[in-house]
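Below: the structure, in C-alpha cells.
The values are calculated or read from the model by the stated rules, or taken from the named source; none is laboratory data. None of the values given here were measured: they were computed from a predicted structure. Here the Cβ positions follow ideal geometry from the backbone for every residue, glycine too, while neighbour counts run over all protein chains shown. For the accessible areas, the whole protein counts, side chains as well, though only heavy atoms, and no ligand, DNA or RNA atoms are used. Shrake-Rupley method; radii C 1.70, N 1.55, O 1.52, S 1.80 Å.
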Amino acid sequence: MSVSMSTFPFRNSGLSIEKRVDDLVGRLTLKEKISQMVYDAPAVERLGIPAYNWWNECLHGVARAGWATVFPQAIGLAATFDEDLVYRVAAAVSDEARAKYHQAQKKREQGQYQGLTFWTPNINIFRDPRWGRGQETYGEDPYLTGALGSSFVKGLQGSDPRYLKVAACAKHFAVHSGPEKDRHRFNAVVTQKDLHETYLRAFKMLVDAGVEAIMGAYNRTNGEPCCASGALLCDILRRTWGFKGHMVSDCGAIGDIHAYHKVTQTPAESAALALKKGCDLNCGCMYPFLEEAVEQGMIFEEDIDRSLKRLFAARMKLGMFDAEDESPYSSLSLDCVDSTVHRSLAREAAVKSIVLLKNNNSILPLKSDVKRIFVTGPGAADVNVIMGNYHGISYPMVTILDGIVARAGKETLVNYRQGCTFSREDTNKSPWALGEATHADVIIVVAGLSPLMEGEEGDAILSEDNGDRISIGLPENQKNLIQELRKHNKPIVLLITGGSAVEIREESEIADAILYCWYPGEEGGSAVAEILFGDTSPSGRLPITIPRSIEQLPPFDSYDMANRTYRYMTDKPLYPFGFGLSYSSFSYSKLKINPEASDGSCPITVFVTVENEGEFDAEEVVQLYISPPETVSGAPIRHCEGFRRVKLFPGESQRVEFILNFEHLCSFDQNGTPFCASGEYTFTVGHWWGGRESFGGLCKKFIVP
C-alpha cells in the first residue's frame, strides 16, 4: 500500500464506519461501484482495495475448505435443544474460520470459501419431511429455530463491540422449503397469518440478535420474487424490523426473475428491480447489467451507493481495512482447527443429539454379558452418513462401526456385513451373508438415509426427485434386511441415520430399541457407542414430527400450515416433536405461574421442579408449551415457547424457571397483525406433548382478561 493510499480517510480506523464508507464509495467510479456488488468482487488497485469473494459456508463446521472440525449436521444440533452448546459450536467454527482466513491472507489468496462472510444458518421451517434440505435447518418449530439460530449467530459473530469475528447470514428469506425441482420458478402462496406466525418468526429473532446478512430465496412469495420483494425486503425487513445489515441473493436467483418467474423481461430489468427492493449483493452474474440499467434510467447511481455502503460497512466491521493487530481475533491460527478441544466438543454435540425412540425391556444400554455383536446395514461403515451436506473434512472420521468396535474392546467379538446398499435391491444374495446374526447376542442395524439420497438440487445423486424424497419410508431393500434379521430371533437395535423424518412404523414393531442418529459429525461413531454401552444416557429430542405414513402429510407444494407440524397436526404421529427417551426417569412437580392471570405487566414467570427418579446420571430437556384460547381462529393447537437442559444425578431435583412476555402469547390475524387474545391459555411443562406415550408433565391455566 502506498503512503497516499494509507492516508485515505476510509483507512482511518478512528473514524466512524459511516464516515469511512462515505469516503470510500465517493472515490469509486460507477463501473468500479458495480464491480463490487457481485460475490466475486475484483480488486480496485488504484485505491488499494483487495479482491474479495463473499461466498463461504459453515453450516456445521467450516465447509468446502479442507480440514475442519465436522460437527453434527444442523438438524442434529437442533435435536440437542441446547442453546449454550450451539453457541459453543458456532464459536469454535468461527475460530477455525478466522484461522483459515488468516492463512489465506498470508498466501495472498482471495478465492471462494476463503473469506469471512458465511452464508449460514439456514433457518427455514422444515414443514415437510420430503424436502431434501431440511437437514440444514433446526427443525419444524419457529421458536426452537429462532432460539438456536440466534445462538449460532452470536457464536459466529463474536461479542466484540467493534469487530465481527465472522459475518453470519440468515437464509433463505422467506417461505422456502421445497420442492427443490421447482425452487427457481415456484410461487409460495401463504396467508399473512402463516407468514408472520410460522415463516418469519425465526428471521425476526435473528435480526434482533444482530445477524449481519440476510439471503433471499429462489422462489416467489405471494407473487413477488423473494430477492426483489417489496413486502419482504422493504416493508418487513427494513422498515418494520429495522434491519441494518446487508442483503444477498441466493446464487442465480436474480437471473430467475426473468428466466423463470417471468416478472421482468431482461437481465437489466431483473438487476434493477432487485437493487431497488433492497438486494445489495448478487451471487450470480446479473449485477454487471446495472450499468445498462443506469443508462436506461431504471435506477440511479444513488441506488447503487445505498447498497454499496452496506457492503463496505460489513467488510469494515470484519476489519478488512484496518491493521491486522487491531482485531481481537488476529492471533487465531491453524492450531485450533480440529483441535483436541474442538473434537471433544463435536463428540459432546453428537452425544446430545442422539434420540432414543424405543427401548423395550431396557435392552439398552448393552449389558456386560453381551459378548458377540453383529453389526450390519448400509450406514455402519459409511463416512457419508457421518458428514451430511455442506461439510468439511477431518481425520479420523469415526464411522458407527469404528465407534462400536473401539468401545466394545478386544474381548467382545464384533462381526460386520453390509447387508444391503442404501437404495438398490441386491441381485446376488448369498445365504451366508447374514450368518453371523445366528450366533450374535445382539444385532445392530444401521439403516436410514444418506446425504446422497437427500439434499440440495443436483447434490444428492441418489435422489429420485432433485434432492427431495418421493417416499418417506425406508427403501424396500432396507426393510427386507430388517425383516430377514428378525427371523434369527435375536435382539435388534436399529440405528437410523438421516436428516429428516423417516417413517419406520413396521420397523418400530420389529426392533427392540431404536436410536435416531442424524448425520452426527466426525465423532459420530464414538458418540453412538457412548450411548449404546451406557457411558452416557441419551438426551436428544426430536426437532421434527415423524408421521405414521405419507398419507398424513398435506401436498408437498402447499405452504398452508393446516395439519402441518406438531403445531397444527390433528392426527396422531408415529413420534411427536420433542419426543425422546432416557435411561433414567423424571418427574415434575410444583408448577407455578406468576402472576396467575394477566394484569398487563411483564414478565410472566413459570416455575417447575424436575427430579431424576431413575438410577442413571442423565440430562432432561424440560419443554414449555402454550395452547391459546379455543376462540382464536386458526391458532396453533400448541406451540413451544421455552426449553431448558437440566443435568441431574439420581434422586436430585432442580427448580427450572422460564421468563415469558406477551410476545410468547401472541397470535396473528389474517392481516398479519399481532394480538393477544382474551381467554384461557394452557401452559404445559414436561418431557414432550402427546405421542406414543402419555405426556410426562404438568398443565396450568393462565387467564388474559
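Condition first: of a type outside the set (Ser, Thr, Tyr) and in contact with a strand residue (DSSP E or B) (Cβ under 7 Å, 6 or more places away or on another chain). Now tell me which residues in the range 136-148 satisfy that.
Selection gives 136, 141, 144.
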Residue check: is residue 201 open to solvent by 10 Å² or more (accessible area, probe 1.4 Å) and touching a helix residue (DSSP H, G or I) at 6+ places or on another chain (Cβ under 6 Å)?
yes
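Where residues in the range 358-399 are among the small types (Gly, Ala, Ser) and within 29 Å of the chain's Cα centre (by Cα), which of them is most open to solvent (accessible area, probe 1.4 Å)? Outline the logic, then answer.
Going through the range 358-399, the residues among the small types (Gly, Ala, Ser) turn out to be 362, 368, 377, 379-381, 388, 392, 394.
Within this subset, residues satisfying the condition of being within 29 Å of the chain's Cα centre (by Cα) are 377, 379-381, 388, 392, 394.
Working: 377: 0, 379: 1, 380: 0, 381: 51, 388: 5, 392: 4, 394: 11 Å².
The extreme case among them is 381.
Residues to consider are 97, 65, 90; find the one that is open to solvent by 10 Å² or more (accessible area, probe 1.4 Å), of a type in the set (A, V, I, L, M), within 17 Å of residue 390 (Cβ to Cβ) and at pLDDT 95 or above.
Working: 97 fails: open to solvent by 10 Å² or more (accessible area, probe 1.4 Å); 90 fails: open to solvent by 10 Å² or more (accessible area, probe 1.4 Å).
Selected residue: 65, the only one of 97, 65, 90 that is open to solvent by 10 Å² or more (accessible area, probe 1.4 Å), of a type in the set (A, V, I, L, M), within 17 Å of residue 390 (Cβ to Cβ) and at pLDDT 95 or above.
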Helices (runs of 4 or more DSSP H) contained entirely in the range 424-524, each with at least 3 residues that are closer than 21 Å to residue 548 by Cβ:
476-486, 505-510
Every residue from the range 568-580 that is open to solvent by less than 30 Å² (accessible area, probe 1.4 Å) and either under 18 Å from residue 541 (Cα atoms) or assigned to a loop (DSSP other than H, G, I, E, B) (or both)
569, 573, 574, 575, 576, 577, 578, 579, 580
Inside the range 69-173, counting only helices (runs of 4 or more DSSP H) that do not spill past its ends, which hold 3 or more residues that are touching an Asp or Glu at 6+ places or on another chain (Cβ under 9 Å), among the aromatic types (Phe, Trp, Tyr) and farther than 25 Å from residue 451 by Cα?
none
Filter result (among the acidic types (Asp, Glu) and either part of a loop (DSSP other than H, G, I, E, B) or without any contact (Cβ under 8 Å) to a residue 40 or more places away in the chain (or both)) within the range 19-37
23, 32
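Table: residues versus (1) of a type outside the set (Phe, Trp, Tyr); (2) touching a Phe, Trp or Tyr at 6+ places or on another chain (Cβ under 9 Å); (3) at pLDDT below 95; (4) more than 18 Å from residue 79 (Cβ to Cβ).
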| site | (1), (2), (3), (4) |
| --- | --- |
| 574 | yes, no, no, no |
| 578 | yes, yes, no, no |
| 605 | yes, yes, no, yes |
| 609 | yes, yes, no, yes |
Mind checking whether some residue in the range 342-354 is under 30 Å from residue 515 (Cα atoms), open to solvent by less than 20 Å² (accessible area, probe 1.4 Å) and β-branched (Val, Ile, Thr)?
yes
Note on residue 491: of the conditions (1) within 24 Å of residue 403 (Cβ to Cβ); (2) of a type outside the set (Ser, Thr, Tyr); (3) open to solvent by 10 Å² or more (accessible area, probe 1.4 Å); (4) within 23 Å of the chain's Cα centre (by Cα), unmet is (4)
